[in-house]
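Asker: If you scroll down you'll find the structure; I have some questions about it.
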Amino acid sequence: MKIYFKRILIVFLLVANTIMFTSCKNNNPNITTNNIQNLIILIGDGMGENHIDNAKTYFELDTQPFESNYIANINTSSLSLGATDSAAAATALATGVSVKNGRIGHDGDSAIKNIMEYASDKNMLTGIITNDNLFGATPAAFSAHTKDRGNTLEIIQDQSTSSLDLMIGKYSGEYYTNESLFTSNGFTMCDNTQDLYATPNTQKVIANLNNIYSIYNPGKTNQTNLVDLVDYAINYLDNENGFVLMVECAYIDKFSHSNDIIPALAEVRTLFDIANYTNEYINNNPDTALIVTSDHETGGLKYTNNKSKINNNLYTKGGHSSKDVRLYSKGITLDSTENLRNTVVFDMSYTAITKP
Ligand SMILES: [Zn+2]
(Lines give C-alpha, C1' and ligand atoms only; values in the text may rest on other atoms or scores of the structure.)
Protein backbone atom coordinates (compact mmCIF):
# COMPACT_ATOMS: atom_id res chain seq x y z
CA MET A 1 0.00 0.00 0.00
CA LYS A 2 2.82 2.38 0.88
CA ILE A 3 4.61 1.64 -2.43
CA TYR A 4 1.33 2.19 -4.29
CA PHE A 5 0.91 5.60 -2.63
CA LYS A 6 4.52 6.51 -3.48
CA ARG A 7 3.92 5.67 -7.13
CA ILE A 8 0.83 7.89 -7.24
CA LEU A 9 2.84 10.68 -5.66
CA ILE A 10 5.61 10.30 -8.25
CA VAL A 11 3.08 10.33 -11.11
CA PHE A 12 1.43 13.42 -9.55
CA LEU A 13 4.78 15.21 -9.29
CA LEU A 14 5.67 14.34 -12.88
CA VAL A 15 2.30 15.62 -14.13
CA ALA A 16 2.60 18.78 -12.02
CA ASN A 17 6.08 19.35 -13.42
CA THR A 18 4.82 18.97 -17.00
CA ILE A 19 1.95 21.38 -16.40
CA MET A 20 4.30 23.97 -14.92
CA PHE A 21 6.75 23.55 -17.77
CA THR A 22 4.21 24.13 -20.52
CA SER A 23 2.32 26.93 -18.79
CA CYS A 24 5.18 29.11 -17.58
CA LYS A 25 8.51 29.61 -19.29
CA ASN A 26 11.68 29.54 -17.24
CA ASN A 27 15.28 30.06 -18.19
CA ASN A 28 16.86 26.69 -18.89
CA PRO A 29 19.86 26.35 -16.53
CA ASN A 30 21.67 24.24 -19.15
CA ILE A 31 21.80 27.16 -21.57
CA THR A 32 24.59 29.77 -21.37
CA THR A 33 24.40 33.19 -23.01
CA ASN A 34 26.66 36.24 -22.85
CA ASN A 35 24.57 39.39 -22.30
CA ILE A 36 22.55 38.98 -25.45
CA GLN A 37 20.63 41.99 -26.70
CA ASN A 38 19.64 40.79 -30.20
CA LEU A 39 18.80 37.39 -31.68
CA ILE A 40 18.82 36.20 -35.30
CA ILE A 41 17.20 32.83 -36.09
CA LEU A 42 18.02 31.45 -39.55
CA ILE A 43 15.97 28.50 -40.83
CA GLY A 44 16.70 26.45 -43.94
CA ASP A 45 13.33 24.84 -44.74
CA GLY A 46 13.89 21.17 -45.58
CA MET A 47 17.65 21.44 -45.01
CA GLY A 48 19.14 18.19 -43.73
CA GLU A 49 22.82 17.72 -42.96
CA ASN A 50 23.37 16.16 -46.40
CA HIS A 51 21.97 19.30 -48.06
CA ILE A 52 24.59 21.29 -46.14
CA ASP A 53 27.45 18.93 -46.93
CA ASN A 54 26.45 18.39 -50.59
CA ALA A 55 26.32 22.19 -51.08
CA LYS A 56 29.92 22.32 -49.88
CA THR A 57 30.84 19.51 -52.32
CA TYR A 58 29.05 21.12 -55.28
CA PHE A 59 30.32 24.67 -54.69
CA GLU A 60 33.77 23.40 -53.55
CA LEU A 61 33.56 25.10 -50.15
CA ASP A 62 35.39 24.23 -46.94
CA THR A 63 33.89 24.35 -43.47
CA GLN A 64 31.98 27.64 -43.29
CA PRO A 65 32.79 30.31 -40.65
CA PHE A 66 29.33 30.01 -39.03
CA GLU A 67 29.99 26.30 -38.42
CA SER A 68 32.84 27.03 -36.01
CA ASN A 69 30.49 27.51 -33.05
CA TYR A 70 28.14 25.23 -31.07
CA ILE A 71 26.87 22.31 -33.21
CA ALA A 72 24.34 19.59 -32.36
CA ASN A 73 21.65 17.50 -34.02
CA ILE A 74 17.98 17.89 -33.14
CA ASN A 75 15.03 15.54 -33.47
CA THR A 76 12.24 17.09 -35.58
CA SER A 77 9.27 14.81 -34.86
CA SER A 78 5.85 16.34 -34.16
CA LEU A 79 2.87 14.85 -32.30
CA SER A 80 1.68 13.25 -35.58
CA LEU A 81 2.86 9.87 -36.84
CA GLY A 82 5.56 9.88 -39.50
CA ALA A 83 7.63 12.90 -40.51
CA THR A 84 6.70 16.38 -39.33
CA ASP A 85 5.31 19.03 -41.64
CA SER A 86 6.63 22.59 -41.70
CA ALA A 87 3.71 23.89 -39.60
CA ALA A 88 4.29 21.68 -36.56
CA ALA A 89 8.07 21.98 -36.93
CA ALA A 90 8.03 25.78 -37.10
CA THR A 91 5.60 25.89 -34.16
CA ALA A 92 8.10 23.87 -32.10
CA LEU A 93 10.91 26.27 -33.06
CA ALA A 94 8.80 29.40 -32.42
CA THR A 95 6.90 28.34 -29.28
CA GLY A 96 8.80 25.43 -27.71
CA VAL A 97 5.69 23.22 -27.85
CA SER A 98 5.31 20.06 -29.95
CA VAL A 99 1.96 19.98 -31.76
CA LYS A 100 0.25 17.91 -34.46
CA ASN A 101 1.04 18.50 -38.13
CA GLY A 102 -0.88 21.40 -39.65
CA ARG A 103 -1.01 23.53 -36.47
CA ILE A 104 0.42 27.06 -36.55
CA GLY A 105 1.28 28.43 -33.09
CA HIS A 106 -1.74 26.56 -31.78
CA ASP A 107 -2.18 23.28 -29.89
CA GLY A 108 -5.71 22.57 -31.15
CA ASP A 109 -7.37 24.12 -28.09
CA SER A 110 -5.60 27.42 -27.74
CA ALA A 111 -2.96 29.70 -29.18
CA ILE A 112 0.63 29.27 -27.95
CA LYS A 113 2.72 32.38 -27.40
CA ASN A 114 5.69 32.63 -29.77
CA ILE A 115 9.19 34.05 -29.29
CA MET A 116 8.29 37.23 -31.20
CA GLU A 117 5.44 37.94 -28.77
CA TYR A 118 7.73 37.36 -25.77
CA ALA A 119 10.25 39.76 -27.37
CA SER A 120 7.60 42.44 -28.04
CA ASP A 121 6.55 42.22 -24.37
CA LYS A 122 10.09 43.35 -23.57
CA ASN A 123 9.79 46.28 -26.04
CA MET A 124 12.22 44.58 -28.42
CA LEU A 125 11.62 45.09 -32.16
CA THR A 126 10.81 41.97 -34.19
CA GLY A 127 10.97 41.00 -37.84
CA ILE A 128 10.60 38.09 -40.25
CA ILE A 129 12.06 37.58 -43.72
CA THR A 130 11.19 34.71 -46.03
CA ASN A 131 11.39 34.07 -49.76
CA ASP A 132 8.11 32.14 -49.41
CA ASN A 133 4.66 33.70 -49.02
CA LEU A 134 4.37 35.33 -45.61
CA PHE A 135 1.41 33.02 -44.88
CA GLY A 136 3.70 30.01 -45.45
CA ALA A 137 4.03 27.70 -42.45
CA THR A 138 7.42 28.90 -41.17
CA PRO A 139 6.81 32.68 -41.15
CA ALA A 140 3.23 32.05 -40.00
CA ALA A 141 4.37 30.15 -36.88
CA PHE A 142 6.42 33.21 -35.87
CA SER A 143 3.56 35.65 -36.49
CA ALA A 144 0.13 33.98 -36.25
CA HIS A 145 -2.00 31.32 -34.55
CA THR A 146 -4.41 28.92 -36.24
CA LYS A 147 -5.45 25.28 -35.90
CA ASP A 148 -4.88 24.66 -39.61
CA ARG A 149 -2.11 25.98 -41.86
CA GLY A 150 -4.66 26.10 -44.72
CA ASN A 151 -6.53 28.98 -43.03
CA THR A 152 -4.70 31.58 -45.12
CA LEU A 153 -7.11 34.44 -44.37
CA GLU A 154 -6.95 33.74 -40.63
CA ILE A 155 -3.13 33.83 -40.78
CA ILE A 156 -3.16 37.12 -42.71
CA GLN A 157 -5.69 38.68 -40.30
CA ASP A 158 -3.61 37.55 -37.34
CA GLN A 159 -0.43 38.98 -38.87
CA SER A 160 -2.14 42.34 -39.43
CA THR A 161 -2.78 42.67 -35.68
CA SER A 162 0.53 41.11 -34.64
CA SER A 163 3.18 43.03 -32.75
CA LEU A 164 5.74 42.44 -35.54
CA ASP A 165 7.52 45.53 -36.83
CA LEU A 166 8.85 44.16 -40.11
CA MET A 167 7.59 41.42 -42.44
CA ILE A 168 9.23 40.68 -45.79
CA GLY A 169 8.08 37.86 -48.06
CA LYS A 170 7.33 36.78 -51.60
CA TYR A 171 4.71 38.76 -53.52
CA SER A 172 1.19 37.44 -53.05
CA GLY A 173 -2.00 39.29 -53.98
CA GLU A 174 -3.82 38.17 -50.81
CA TYR A 175 -1.92 40.78 -48.83
CA TYR A 176 -3.03 43.58 -51.17
CA THR A 177 -6.64 42.32 -51.03
CA ASN A 178 -6.36 42.77 -47.26
CA GLU A 179 -4.21 45.92 -47.33
CA SER A 180 -6.69 47.96 -45.23
CA LEU A 181 -6.29 45.48 -42.33
CA PHE A 182 -2.58 46.24 -42.27
CA THR A 183 -2.78 50.00 -42.81
CA SER A 184 -5.41 50.35 -40.09
CA ASN A 185 -2.97 48.57 -37.74
CA GLY A 186 -0.13 50.95 -38.55
CA PHE A 187 1.69 48.99 -41.29
CA THR A 188 3.01 50.49 -44.50
CA MET A 189 2.68 47.97 -47.35
CA CYS A 190 5.06 47.91 -50.31
CA ASP A 191 5.98 45.62 -53.21
CA ASN A 192 9.54 46.66 -54.12
CA THR A 193 12.88 47.12 -52.37
CA GLN A 194 13.14 50.81 -53.31
CA ASP A 195 9.99 51.66 -51.33
CA LEU A 196 10.99 49.22 -48.58
CA TYR A 197 14.43 50.77 -48.09
CA ALA A 198 12.89 54.27 -48.11
CA THR A 199 10.48 53.50 -45.26
CA PRO A 200 11.69 55.00 -41.97
CA ASN A 201 12.10 52.55 -39.11
CA THR A 202 9.58 54.48 -37.04
CA GLN A 203 6.98 52.79 -39.27
CA LYS A 204 5.84 49.12 -39.22
CA VAL A 205 6.39 47.61 -42.67
CA ILE A 206 5.11 44.63 -44.65
CA ALA A 207 6.81 44.02 -48.01
CA ASN A 208 5.65 41.56 -50.68
CA LEU A 209 8.55 41.27 -53.13
CA ASN A 210 9.02 39.54 -56.45
CA ASN A 211 12.16 37.60 -57.31
CA ILE A 212 13.71 36.46 -54.05
CA TYR A 213 15.27 33.22 -55.29
CA SER A 214 18.90 32.39 -54.63
CA ILE A 215 21.34 34.45 -56.69
CA TYR A 216 23.26 31.16 -57.21
CA ASN A 217 20.24 29.51 -58.81
CA PRO A 218 21.06 28.97 -62.49
CA GLY A 219 18.45 30.61 -64.74
CA LYS A 220 17.30 33.11 -62.12
CA THR A 221 18.49 36.62 -62.87
CA ASN A 222 17.71 40.02 -61.32
CA GLN A 223 17.13 38.47 -57.94
CA THR A 224 16.84 40.39 -54.71
CA ASN A 225 19.68 38.99 -52.63
CA LEU A 226 18.43 37.71 -49.26
CA VAL A 227 21.71 38.90 -47.69
CA ASP A 228 20.83 42.49 -48.70
CA LEU A 229 17.39 42.08 -47.09
CA VAL A 230 18.98 40.73 -43.89
CA ASP A 231 21.45 43.63 -43.83
CA TYR A 232 18.54 46.06 -44.27
CA ALA A 233 16.48 44.31 -41.56
CA ILE A 234 19.31 44.38 -39.00
CA ASN A 235 19.75 48.13 -39.52
CA TYR A 236 15.99 48.66 -39.43
CA LEU A 237 15.50 46.68 -36.21
CA ASP A 238 18.62 47.77 -34.33
CA ASN A 239 17.57 49.74 -31.24
CA GLU A 240 18.45 50.10 -27.57
CA ASN A 241 15.88 47.48 -26.44
CA GLY A 242 17.21 44.82 -28.82
CA PHE A 243 15.57 42.83 -31.61
CA VAL A 244 14.64 39.34 -32.76
CA LEU A 245 14.82 38.55 -36.49
CA MET A 246 13.74 35.25 -38.10
CA VAL A 247 14.97 34.54 -41.63
CA GLU A 248 13.76 31.59 -43.72
CA CYS A 249 15.29 30.17 -46.91
CA ALA A 250 12.17 28.35 -48.11
CA TYR A 251 13.24 26.91 -51.43
CA ILE A 252 15.56 24.16 -50.14
CA ASP A 253 12.32 22.33 -49.25
CA LYS A 254 10.42 23.26 -52.39
CA PHE A 255 13.19 22.17 -54.81
CA SER A 256 13.82 19.02 -52.75
CA HIS A 257 10.14 18.00 -53.01
CA SER A 258 10.64 17.94 -56.79
CA ASN A 259 14.09 16.32 -56.36
CA ASP A 260 15.75 19.24 -58.15
CA ILE A 261 19.15 19.23 -56.50
CA ILE A 262 21.11 22.11 -58.11
CA PRO A 263 18.63 24.91 -57.27
CA ALA A 264 18.14 23.34 -53.81
CA LEU A 265 21.90 23.49 -53.17
CA ALA A 266 21.96 27.06 -54.54
CA GLU A 267 19.47 27.98 -51.81
CA VAL A 268 21.70 26.28 -49.22
CA ARG A 269 24.61 28.41 -50.45
CA THR A 270 22.47 31.53 -49.98
CA LEU A 271 21.80 30.35 -46.42
CA PHE A 272 25.60 30.02 -45.95
CA ASP A 273 25.98 33.63 -47.12
CA ILE A 274 23.37 34.86 -44.62
CA ALA A 275 24.85 32.74 -41.81
CA ASN A 276 28.38 33.99 -42.51
CA TYR A 277 27.20 37.58 -42.87
CA THR A 278 25.48 37.44 -39.47
CA ASN A 279 28.41 35.50 -37.97
CA GLU A 280 30.71 38.36 -39.01
CA TYR A 281 28.18 40.92 -37.74
CA ILE A 282 28.31 39.19 -34.33
CA ASN A 283 32.12 39.30 -34.32
CA ASN A 284 31.70 43.10 -34.35
CA ASN A 285 28.49 43.12 -32.25
CA PRO A 286 28.91 40.39 -29.60
CA ASP A 287 25.61 41.31 -27.94
CA THR A 288 23.87 39.56 -30.86
CA ALA A 289 23.26 35.79 -30.95
CA LEU A 290 22.70 33.55 -33.96
CA ILE A 291 20.84 30.25 -34.31
CA VAL A 292 21.04 28.40 -37.63
CA THR A 293 18.84 25.34 -38.05
CA SER A 294 16.15 23.64 -40.11
CA ASP A 295 12.56 22.55 -39.55
CA HIS A 296 13.05 19.06 -41.08
CA GLU A 297 14.84 17.21 -43.87
CA THR A 298 13.20 16.93 -47.30
CA GLY A 299 13.96 14.27 -49.92
CA GLY A 300 15.97 11.72 -47.90
CA LEU A 301 19.07 13.13 -49.60
CA LYS A 302 22.24 10.99 -49.71
CA TYR A 303 25.73 12.52 -49.35
CA THR A 304 28.63 12.51 -51.77
CA ASN A 305 32.05 14.13 -51.52
CA ASN A 306 32.46 13.82 -55.30
CA LYS A 307 31.16 16.85 -57.24
CA SER A 308 30.63 14.80 -60.43
CA LYS A 309 28.16 12.61 -58.53
CA ILE A 310 25.90 15.50 -57.47
CA ASN A 311 22.67 14.71 -59.29
CA ASN A 312 18.96 14.22 -58.64
CA ASN A 313 19.46 10.48 -57.99
CA LEU A 314 20.84 11.37 -54.55
CA TYR A 315 17.24 11.91 -53.46
CA THR A 316 15.48 8.84 -52.06
CA LYS A 317 11.98 10.32 -51.68
CA GLY A 318 9.80 13.30 -52.60
CA GLY A 319 8.52 14.05 -49.11
CA HIS A 320 9.88 14.95 -45.70
CA SER A 321 12.03 12.46 -43.78
CA SER A 322 12.36 11.97 -40.01
CA LYS A 323 16.13 12.53 -40.02
CA ASP A 324 17.59 14.81 -37.39
CA VAL A 325 18.71 18.25 -38.56
CA ARG A 326 21.66 20.38 -37.49
CA LEU A 327 21.59 23.16 -34.96
CA TYR A 328 24.38 25.75 -34.92
CA SER A 329 24.53 28.65 -32.51
CA LYS A 330 26.80 31.54 -31.63
CA GLY A 331 26.39 33.53 -28.42
CA ILE A 332 24.08 30.88 -26.89
CA THR A 333 25.40 27.46 -25.87
CA LEU A 334 23.88 24.31 -24.41
CA ASP A 335 25.87 22.16 -22.00
CA SER A 336 25.00 19.07 -24.05
CA THR A 337 24.72 17.98 -27.67
CA GLU A 338 22.80 14.76 -26.91
CA ASN A 339 19.10 13.83 -27.20
CA LEU A 340 17.89 17.25 -28.26
CA ARG A 341 14.44 17.98 -29.64
CA ASN A 342 13.56 20.89 -31.94
CA THR A 343 11.80 22.64 -29.02
CA VAL A 344 15.27 23.42 -27.61
CA VAL A 345 15.55 26.17 -30.26
CA PHE A 346 12.76 28.06 -28.52
CA ASP A 347 14.35 27.38 -25.10
CA MET A 348 17.65 28.84 -26.33
CA SER A 349 15.90 31.84 -27.91
CA TYR A 350 13.79 32.50 -24.83
CA THR A 351 16.78 32.25 -22.51
CA ALA A 352 18.82 34.57 -24.76
CA ILE A 353 16.21 37.34 -24.66
CA THR A 354 15.30 37.03 -20.97
CA LYS A 355 18.61 36.33 -19.19
CA PRO A 356 20.02 39.55 -17.74
ZN1 LIG B 1 8.01 20.51 -47.44
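Asker: Among the residues of segment 228-246, write down those that are in a helix (DSSP H, G or I) and buried (at least 17 other Cβ atoms within 10 Å of the Cβ).
Answerer: Leu229, Val230, Tyr232, Ala233, Ile234, Tyr236, Leu237
Asker: Find the residue count for segment 299-342, including only residues that are out of contact with any Gly (no Cβ under 9 Å at 6 or more places or on another chain), on the phi > 0 side of the Ramachandran plot and small (Gly, Ala, Ser).
Answerer: Number satisfying all stated conditions: 1.
Asker: Which residues, taken from segment 247-265, are away from the ligand (no atom under 12 Å from the Cβ), in a helix (DSSP H, G or I) and buried (at least 24 other Cβ atoms within 10 Å of the Cβ)?
Answerer: Leu265
Asker: With respect to Tyr281, determine if the residue is modelled with pLDDT of 95 or more and within 20 Å of Val247 (Cβ to Cβ).
Answerer: Considered against the rule, which asks whether it is modelled with pLDDT of 95 or more and within 20 Å of Val247 (Cβ to Cβ), Tyr281 comes out as yes.
Asker: Could you go through segment 302-321 and let me know if any residue there is assigned to a strand (DSSP E or B), more than 21 Å from Ala92 (Cβ to Cβ) and away from the ligand (no atom under 16 Å from the Cβ).
Answerer: Checking segment 302-321: not a single residue is assigned to a strand (DSSP E or B), more than 21 Å from Ala92 (Cβ to Cβ) and away from the ligand (no atom under 16 Å from the Cβ).
Asker: Just to be sure before I move on: is Ser172 among the polar types (S, T, N, Q), modelled with pLDDT of 95 or more and crowded, with 16+ Cβ neighbours inside 10 Å in the structure I sent?
Answerer: Criteria not met by Ser172.
Asker: Turning to a different aspect of this structure: Check Ile215, Ile155 and return the single one that is under 20 Å from the mean Cα position of the chain (by Cα), within 21 Å of Ile43 (Cα to Cα) and not hydroxyl-bearing (Ser, Thr, Tyr).
Answerer: Ile155
Asker: Could I ask something else about it? Given the structure, is Met167 under 14 Å from the mean Cα position of the chain (by Cα) and in a strand (DSSP E or B)?
Answerer: Answer is yes for this residue.
Asker: Could you count how many residues in segment 74-120 are among the hydrophobic types (A, V, I, L, M, F, W, C), part of a loop (DSSP other than H, G, I, E, B) and more than 13 Å from the ligand (Cβ to nearest atom)?
Answerer: The number of residues fulfilling the criteria is 5.
Asker: Within the set of pairs 6+ apart or on separate chains, which have a first residue in segment 132-158 that is more than 17 Å from Asp107 (Cβ to Cβ), a second that is surrounded by 23 or more Cβ atoms within 10 Å (Cβ to Cβ) and aromatic (Phe, Trp, Tyr), and C-beta atoms under 6 Å apart?
Answerer: Taking only residues 6 or more apart or on different chains, the pairs are Thr152/Phe135; Ile156/Phe135.
Asker: For residues that are touching an Asp or Glu at 6+ places or on another chain (Cβ under 7 Å) and in contact (Cβ under 8 Å) with a residue 60 or more places away in the chain, scanning just segment 85-115, find the one that is farthest from Thr288 (Cα to Cα).
Answerer: Among them, the one singled out is Ser86.
The values are calculated or read from the model by the stated rules, or taken from the named source; none is laboratory data. Note that the structure is a prediction, hence the values are computed from the model and not measured. FYI the Cβ positions are ideal-geometry reconstructions off the backbone, even for glycines, and counts take in every protein chain you see.
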